[in-house]
Amino acid sequence: MAGLLLSSTEKMYILHGVQDDYRSDGRSNIDYRPMELETDVVSHASGSARLRLANTDILVGVKTEIDEPKPNNPGLGKIEFFVDCSANATPEFEGRGGEQLANMISNLMQRAYHSSQAFDLKQLCILEGKQCWKLYVDILILECGGNLCDAVSLAVKAALFNTRIPFVKAALMDGGSVDFQLSDDPYDCKLLEVGNAPLLVTLCKIGNKCVVDPSAEEESCSVISLIVGITGNPKYYSKESKASLNFECKCSTIGMNGPGSVAPETFKAAITQGIIAAKCLDEALGRTLLRERQECGSYKKNSYGFLK
Amino acid sequence: MWTTKTFLTKTKRGNVLKIVREHYLRDDLLCGSAACNFCPHKDDELVLEANPESLCGLFDSNHYLILDTNVVLHQIDVIEEDALKNVIILQTVLEEVKHQNTAIFQRLLEVIGNKKRKFFSFVNEHHKDTYVERNPGEKQNDRNDRAIRKAASWYASHLSIKNIDGQFPQIVLLTDDEKNRQLAHDEGILTCTVSDYIKNVNGYPGLSDKLSKNVIPESCSKDALYPAHLTPTQIHAGIRNGKLHQGTFHASRDNYLEGNATISGCEKSILLQGHIGINRAIDGDIVAIEILPQEEWSKPSDIVLEDKTEDPGDFLEEESQLLTISKADDDITPTGKVVGIIRRKWRQYCGILLPSKFPGATRHLFTPAEKRIPRVRIETRQSDILASQRILVALDSWPRNSRYPLGHFVRSLGPIGDKDAENEVILLEHDVPHARFSEAVLACLPPDNWTIPEEELARRVDLRATCVCSVDPPGCTDIDDALHARRAAAGYEVGVHIADVTHFVRPHSALDREAAARATTVYLVDKRIDMVPELLSSNLCSLRGGEERLAFSCIWILDENAHVLSTKFHKSVIKSRAAMTYEEAQMAIDETSRNDEIATSLRLLNKLAKKLKQRRLDNGALLLASPEIRFQVDSETHEPLDVQAKRIVDTNSMVEEFMLLANVSVAERIAADYPQSALLRRHPAPPPAHFNAFLKAASRQGFELDVSTNKSFSKSLNEAVIPERPFFNTLLRIMATRCMQQAVYFSSGSKTQEEFYHYGLACPIYTHFTSPIRRYADVVVHRLLAGSVGADATHAALLDTRAAQALCDNLNYRHRHAQLAARASVALNTHILFKNREEVESAVVLAVKRNALQVLIPKYGLEGPLYLPSDKFTYNEEENVQICNDIVFKTFDELTVRLTLDSSNLQHRKLVFQLVTPFIPGVSYVQQTKDDQMEVENVEIKTDEKKRKDLPETKNKKKKKSKT
């Protein structure tokens, strides 16, 4: 974050704290700051979530559309990410200022969700080779307070968890055209399986160690940060926890940000640290979402706070 | 306070959209009851009485009624009766009704609008206490039922606020849904079925007759006579995979056990035979059809079959008559059976009651006036009164175990045989809008004493000094055309002046909308149903003699041989010198001593018209004929006194020629200026197959007609003359007319240039311009032309091809029905004429059927079946003749028949044709002694005042009667 001026003593203080796994605000290196999450905030979208992490504020809406699958993947649906950096977030985003950042995040998300082990696109198929669902994930950055990637990935996963796709029955007609029937009941929807969906964890290298969820001060001490995408564990996202215990999280993408360099050992250590952090984060997110769903039932929820 | 409503829709492009609407909830909606102590009503907002009188024996205490949606949809006839008062119509119900049936919705709105009825519409969907959210897994209908129950219990508790127990009205929910009733009962709401309620209403006899007998048709599998219909999903799937076809069912007029269905994309219509094959389809319904395998195909039977007069009860008789069909025939057509109904096209039907033989019975049969509609079973206790009346009946359902559809009595139209009642039947059966003009329409009219304003005079070409005159049938009051002719510098100047109706009928006014809906003036024998109010049709627009009128003029310069040298159109003011009848005009021409301006211009017109006509005939225009008769009507009783064939004089064709010329000139102009939206009229060439039977019959008389083009057809018709049978040629032309297709209006944007051709008139382009008083098409053409010559502003709707085509569809529909209504009126008057008469007349055979001859009486233009007993006659299918010993009947044969009206059955008056000559013992009618014969009254000759005008074009347009 530009404009933040730290003296070398302050920097040293932060660096030493990180070395001892005890950060200036009392967290350990893999601890996140408290977050605020709300789902189903945009009634027009099929699924939505809003996440606030420190000063970072993200709104995600998922829209569905019917599309034709790609010829080389006839049984798969599609998912696309769009990031919009609102000029409200910071003055730098004004005009085309946020474009580069937006592209970076959406590419990262696209890559992280690309693997079939991260997100199963088969569930978006309606009629093989003819029709599938296409999900448009619109990410709106309302306020920018650091650690964007992590916040975005969390909000996206929550929004996908909240997404309801209408049940359609499709049939092939003569001449290859497809006709489908739609239930008139708006509650007649299916939910997506998003347990495997990846979370992005930004590891900020300070000294030899890395921290997650850096504060603005910590960021200014670092020259490079690693972003790893770690797949989630479905057992946290469903009530019947039948998922195997020896479930292993996989790393679906890695990105780097900043001018510095990383030694191989640090790199390995950082990924391991990222996996641990992602696991905790994933569990917390899954539990929270499940609790929210249970509390609201499938009734129309009463929205709190946001946009109210 | 607000909430949101969410639903999913499918777009045309095959996408699914989630739509979210905001829905506002209010707490300031009033309950509308005078018994309420809570809502801050103003006096005029109280609709429901404080102490409504209880009519129903089932409920002692006074109460308000709440109806559910199906009650409104099915029992609207009961609701329209004055008996039910103090009814709450919930918005949920109102919206569902609107969604399902707009006609019933309109009727309901009318009832609600009637202050005396005390119907209150309560906006329960926006009241914070009565709004209900749809639950997951709940059907829309269940939610609506729940909303209705919620509103009912809210009303009950709302009225009890600050009221002493027993002194406020209860709420009674009427619903026929058993589950809903049970749920309502559990929630403590008083409920009852409609039929229980209505049957216990005191003081309104006949109310229960109007109850709709709505049975879910497929549910009665016990004693089922008919196979069950497929469900909509099965039909949908069947049509999609090509096993089933969708078509419109047309019942046969002659045989109640036969019909056919037209399927899009299929050239031949599909034949449907027998009770099972038709499977409860009623004329006009959209049905799903399964085509039978080819070896089961059959051919249309050519017998005339009517349903028995007795009530046979609920069983289906053997259909042996139909099944005696030789299978190896080339006339075999694709045959199918109805397997499901996609949409019912039921309306209300006029007809008469066929009372049950058992006295005091309540179940009766109803015979519709339209032969293509089956009889209807209705329940009524007033059969004694209704038996002698024309009544209107609505269809409710057709369960599988009932031979006939179930219906209920709607209203009585009047005694059978009463002219007004019979005319009403004709108008209703042909869907002719004949209500009086509404206030909104009348408000568009100019004042009675309207005169042409100065600024209008300045804008128009002043032709008041020109010698213009009109020639029309006697008694015509809506004169819409006038003519003039005079010598000009180069050749002759001829003008056609058409009443300027568009000056008074402005686009998009209430008057315009009404005229567009009516589309045409309908002429019955003794009645005219105007398209525009009388002030315009018979006064301000009518080009009466000696009065200044606004006109739209078309002026040509013609050369010696009537070739058009130049044409111009402009609005004008004219003052007709004389409004003449055809006869008067003819006399003026013939009387050589007359040399005034009128006579000379008439002679000039006549001379030019003859040249025009000759040229037209040379081009291949057909001269067709149809048996047209005119009645002489008693001016006081309006009873027909006598009939005669129409007389045609030269002046008829003189007017006709110039009208044709005007129409063609205007058509060319507007088609050039509005390539996408000009309203034109086309007459397609008849497909050669239509001529088959006709050509066969003609060749048996020794004439080979060439029908390849209209020119050759016209030529060979001219040559087909038998000198000793002068009527033969006319007869040929009558039958040729029936091979023609109907001429139709269309928008120039919807067809290619080649399709504009008018076959009957043999001209490449044609429209209607000359009768704007009685045809809406002409009004539109006037507007187009006015825009084109800069006399009036155009408006957007004029240029819209789609709107123009929709308008044309309505015009065509109304015109066809107006023609049919006119024909039905002639038939009705013929019946009245023959009430106390019998005649022996010569007749000709038009067609030979399996068990009858279709004969035509040229004198009266009457047509009907002459039944032949099958034990004496044998039918030769190959030759299409009926043979009895050495006598052979074939098409075009001349016979003598006796005509009587069979009044033995008052319900079923019909003309009976009996053979007189050639004499066949046991078949022919034997003349009785002279004494028995009735004296034929001397009839006064009176001019019929309200006879339809001779349309210039009609003769070429008369359609072949729609046969099966």
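Just so you know, all these numbers are worked out from the coordinates, no wet-lab data involved. Being a predicted model, the structure only gives us computed values, none of them experimental. Please note: Cβ atoms are built from the backbone with ideal geometry, for glycine as well, and neighbour counts cover all protein chains shown.
Among B:Tyr204, B:Tyr131, what is the fewest-to-most ranking by other Cβ atoms within 10 Å?
Details: B:Tyr204 15, B:Tyr131 20.
Sorted ascending by nearby Cβ count, the order is B:Tyr204, B:Tyr131.
How big is the charge dipole of the stretch B:95-184 about its Cα centre, in debye rounded to the nearest 20, if each Lys and Arg gets +1 on its Cβ and each Asp and Glu gets -1 on its Cβ? Spell out each step's value before the answer.
On the way: 16 positive and 13 negative charges, 71 e Å.
The dipole magnitude comes to about 340 debye.
Where the centroid of each part is defined by its Cα atoms, how far is the stretch B:667-685 from the stretch A:105-120 in Å?
Spelled out, the Cα-based centre of one part sits 62 Å from the other.
Would you pull out the residues with amide H under 5 Å of B:Ser402's amide H, same chain only if 5 or more places away, H placed 1.01 Å from N?
B:Leu225
Give me D for chain B in µm² s⁻¹, whole number, from Stokes-Einstein with Rh from the Kirkwood sum over alpha-carbon pairs, 37 °C and 0.692 mPa s.
102 µm²/s
Taking 27 Å as the cut-off for C-alpha to C-alpha distance, list the pairs among B:Lys42/B:Lys116; B:Lys210/B:Lys527; B:Lys527/B:Lys610; A:Lys63/A:Lys130; B:Lys118/B:Lys179; A:Lys70/B:Lys18 that go past it. Kindly include the intermediate steps, with their values, before the conclusion.
Working: B:Lys42/B:Lys116 18 Å; B:Lys210/B:Lys527 31 Å; B:Lys527/B:Lys610 34 Å; A:Lys63/A:Lys130 20 Å; B:Lys118/B:Lys179 29 Å; A:Lys70/B:Lys18 25 Å.
Pairs exceeding the cut-off: B:Lys210/B:Lys527; B:Lys527/B:Lys610; B:Lys118/B:Lys179.
Counting other beta carbons within 10 Å of each Cβ, put B:Trp154, A:Trp133 in order, fewest first.
B:Trp154, A:Trp133
With the crude spin-label approximation of a point 7 Å out along Cα→Cβ, what separation in nm comes out for B:Lys910 versus B:Asp673?
Spacing of the two 7 Å Cα→Cβ label points: 5.4 nm.
With each label point set 7 Å from Cα along the Cα-Cβ vector, what nm distance links A:Glu143 and B:Gln182?
Taking the simple label geometry, A:Glu143 and B:Gln182 are separated by 5.6 nm.
Would you give the gap between the C-alpha center of the stretch B:62-128 and the C-alpha center of the stretch B:437-466, rounded to a whole Å?
Taking the Cα centre of each part, the stretch B:62-128 and the stretch B:437-466 sit 44 Å apart.
Using the number of other C-beta atoms within 10 angstrom as an exposure proxy, rank B:Glu514, B:Glu878, B:Glu439 with the fewest first.
B:Glu878, B:Glu439, B:Glu514
Which one of B:Ala824, B:Tyr776, B:Val789 has its Cα pushed farthest toward the positive end of the charge dipole of the stretch B:725-849, where Lys and Arg give +1 and Asp and Glu give -1 at the Cβ?
Positive-most Cα among the choices belongs to B:Ala824.
Counting other C-beta atoms within 10 Å, and keeping those with at most 10, which DSSP coil trypsin sites (Lys or Arg not before Pro) do you find in the stretch B:393-442?
Answer by residue number: B:Arg436.
I need the calculated FRET efficiency for the pair B:Thr917 and B:Thr709, taking r as the beta carbon distance and R₀ as 51 Å, to the nearest 0.05.
So, using R0 = 51 Å, E works out to roughly 0.80.
Using all alpha carbons of the stretch B:777-832, what is the percent of pairwise distances in each 10 Å bin, ordered from the shortest bin to the longest?
Taking every Cα pair in the stretch B:777-832, the percentages come to 21, 33, 22, 15, 8, 0.
Roughly what angle does helix A:148-162 make with the longest principal axis of chain A, taking Cα atoms, 0 to 90 degrees, to the nearest 10?
The helix A:148-162 is inclined about 30 degrees to chain A.
Note the angle between two axes, namely the Cα long axis of helix A:99-114 and the longest principal axis of the Cα atoms of chain A, as a number of degrees from 0 to 90, rounded to the nearest 10.
In chain A, helix A:99-114 runs at an angle near 60 degrees to the longest axis.
Quote the charge dipole size of chain A about the Cα centre in Debye, to the nearest 20; the model charges only the Cβ of Lys and Arg (+1) and of Asp and Glu (-1).
In debye, rounded to 20, chain A gives about 600.
Using only the Cα atoms of the stretch A:118-272, what do you get for the radius of gyration and for Dmax, in Å?
20.3, 66
At R0 = 45 Å, how high is the FRET efficiency between A:His114 and A:Ala216 if r is their beta carbon distance? Nearest 0.05 is fine.
0.90
One quarter of the convex hull surface, Cα atoms only: what value does that give for the stretch A:161-239 in nm²?
9.9 nm²
Once you compute Rg and the Kirkwood Rh from C-alpha atoms, what is the Rg to Rh ratio for the protein assembly as shown?
Taking Rh as the inverse mean 1/r over Cα pairs, Rg/Rh reads 1.08.
How are the alpha carbon pair distances in the stretch B:457-560 distributed across 5 Å bins from zero to the largest one, expressed in percent?
The calculated distribution, bin by bin, is 2, 11, 19, 20, 18, 13, 9, 5, 3, 0.
Restricting the count to DSSP beta bridges whose residues both fall in the stretch B:439-666, what percent are antiparallel, rounded to a multiple of 5?
Of the beta bridges lying entirely in the stretch B:439-666, close to 80 percent run antiparallel.
Round to a whole angstrom and tell me the spacing of the C-alpha centers of the stretch A:24-64 and the stretch A:65-100.
Centre-to-centre (Cα) distance: 18 Å.
Determine the shielding of peptide B:134-147 by partner chains: average, over its residues, the number of Cβ atoms on other chains within 10 angstrom of each Cβ.
2
Which ³J(HN,Hα) values in Hz, rounded to whole numbers, follow from the phi angles of the stretch B:390-395 under the Karplus curve 6.51 cos²θ - 1.76 cosθ + 1.60, where θ = phi - 60° and Gly and Pro get x?
With coefficients 6.51, -1.76 and 1.60, one gets 7, 10, 10, 10, 9, 7 Hz.
Tell me which DSSP H helices of chain B clear both cut-offs, 18 Å or more of axial length from alpha-carbon atoms and a mean Kyte-Doolittle hydropathy of at least -1.0. Walk me through the numbers before you get to the answer.
Details: long enough: B:140-160 (30 Å, -1.30); B:597-618 (32 Å, -0.62); B:650-673 (35 Å, 0.30); B:727-739 (19 Å, 0.77); B:776-789 (20 Å, 1.02); B:801-833 (47 Å, -0.23).
The qualifying helices are B:597-618, B:650-673, B:727-739, B:776-789, B:801-833.
With +1 on each Lys and Arg Cβ and -1 on each Asp and Glu Cβ, and nothing else charged, work out how big the dipole of the stretch B:439-666 is about its Cα centre, in Debye to the nearest 20.
The dipole magnitude comes to about 960 debye.
How big is the C-alpha Rg of the stretch B:834-927 next to the rule-of-thumb value 2.2 N^0.38 Å, as a ratio?
Taking the Cα Rg and dividing by 2.2 N^0.38 Å, one obtains 1.06.
Could you tell me the extents of the stretch B:755-862's C-alpha atoms along the three principal axes, largest first, rounded to whole Å?
Sorted largest first, the three principal extents are 61, 31, 22 Å.
Say the dipole of chain B comes from +1 at the beta carbon of Lys and Arg and -1 at that of Asp and Glu; which of B:Ser699, B:Ala251, B:Pro688 then lies farthest toward its positive end?
B:Pro688
Rounded to the nearest 10 degrees, what's the angle between the helix A:8-19 long axis and the longest principal axis of chain A, both from Cα atoms, 0 to 90?
In chain A, helix A:8-19 runs at an angle near 60 degrees to the longest axis.
For the pair A:Lys122 and B:Asn51, what calculated FRET efficiency results from E = 1/(1 + (r/R0)^6), where r is the Cβ-Cβ distance and R0 = 60 Å, to the nearest 0.05?
That pair, B:Asn51 with A:Lys122, gives E of 0.30.
List the residues whose amide H sits under 5 Å from the amide H of B:Arg390, counting only those 5 or more places along or on another chain, with H placed 1.01 Å from N in the peptide plane.
B:Leu413, B:Gly414, B:Ile416
Could you tell me, in Å, what Rg and Dmax come out for the Cα atoms of chain A?
20.5, 76
Of B:Thr520, B:Gln632, B:Ile342, which is farthest towards the positive pole of chain B's charge dipole, taken about the Cα centre with +1 and -1 on the beta-carbons of Lys, Arg and Asp, Glu respectively?
Of the listed residues, the answer is B:Ile342.
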